[in-house]
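Structure first, commentary second.
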Amino acid sequence: MNKIIKNQKCDCGGGLKKQGSCRRQGNLVPRYKCIECSKFISSQRKYQKMTPEIKKSIIRLSCQGLSLHQVADKVGYSHTTVANIINVK
């Protein structure tokens, strides 16, 4: 039943085989297990990495007088993430 997925690979380079599913926000998400390192991977949306340049642009935009939601729309992050960056001391 657990067949090897041909087009996807783990970070270690090993192949993946289907290994059940898990629930994320009410949706069933398929899980995969690496054949080499036995690490579990779920197919989910890849999140953007927060770079120092993005943090600088968030602070710059907020200092220019843009609202929290306007800054979030411009940089492509949620307004809660932008609020956390602005309020960091």
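The values are calculated or read from the model by the stated rules, or taken from the named source; none is laboratory data. Just so we're clear, the structure is a prediction, and the values are computed from it rather than from any experiment. Cβ: placed from backbone, ideal geometry, glycine included. Neighbour counts: every protein chain shown.
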Checklist entry - Applying the selection to the range 65-89, what residues are within 20 Å of the chain's Cα centre (by Cα) and among the hydrophobic types (A, V, I, L, M, F, W, C)? => result VAL71, ALA72, VAL75, VAL82, ALA83, ILE85
Checklist entry - Of everything in the range 11-46 that's at pLDDT 80 or above and hydroxyl-bearing (Ser, Thr, Tyr), which residue is surrounded by the most Cβ atoms within 10 Å (Cβ to Cβ)? => result TYR32
Next on the checklist: Any residue in the range 60-89 that is among the aliphatic types (A, V, I, L, M) sitting within a Cβ distance under 8 Å of a residue that is surrounded by fewer than 13 Cβ atoms within 10 Å (Cβ to Cβ) and not in a helix (DSSP H, G or I)? List the pairs, counting only those 6 or more apart or interchain.
Outcome noted: ALA72/SER78
